[in-house]
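Inspection log for the structure reproduced underneath, given as structure tokens.
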């Protein structure tokens, strides 16, 4: 998990601007799932069966992973790109929940009707449009 967190931080750091950082996170997460089907199956199915594991793990490495999303939200708020009323702790869970659902669908589905690339693009658009600041009105 440390390697995954380190790689994700590097991927996000390479991206310029908040929107690209969000897109980079989403794309890298879904590529991780696509490239490691066995790991994805373990994360999606086996680990969820253990309430004790999830309770203990949420406070450690998974939270470190989710905090990468929080750091992107804070970065965007500081730069005026994201709405200031967005709570990073809620936004990270919303985004991760959507990623988790897409990952689960991809892992468990025999008929892959949607590519992970298309899913990444759609999720990026929906999430970014929900958190970004609104364009200033031109008076019309």
*So residue 71 fits all but one of (1) under 15 Å from the mean Cα position of the chain (by Cα); (2) over 16 Å from residue 18 (Cβ atoms); (3) surrounded by fewer than 18 Cβ atoms within 10 Å (Cβ to Cβ); what number is the exception?*
(2)
*Could you list, in sequence order, the residues of the stretch 14-26 that are more than 14 Å from residue 74 (Cα to Cα) and surrounded by fewer than 19 Cβ atoms within 10 Å (Cβ to Cβ)?*
14, 15, 16, 20
*Quickly run through the stretch 91-108 and pick out the residues that are modelled with pLDDT of 95 or more and either out of contact with any helix residue (DSSP H, G or I) (no Cβ under 7 Å at 6 or more places or on another chain) or in a loop (DSSP other than H, G, I, E, B) (or both).*
94
_I want to confirm something. Restricting to the stretch 82-100 and keeping residues that are over 11 Å from the mean Cα position of the chain (by Cα) and surrounded by fewer than 17 Cβ atoms within 10 Å (Cβ to Cβ), which single residue is nearest to residue 18 (Cα to Cα)?_
83
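The values are calculated or read from the model by the stated rules, or taken from the named source; none is laboratory data. Note that the structure is predicted; figures quoted are calculated from it, not measured. Every residue, glycine among them, receives a Cβ derived from its backbone with ideal geometry; neighbour counts consider all protein chains shown.
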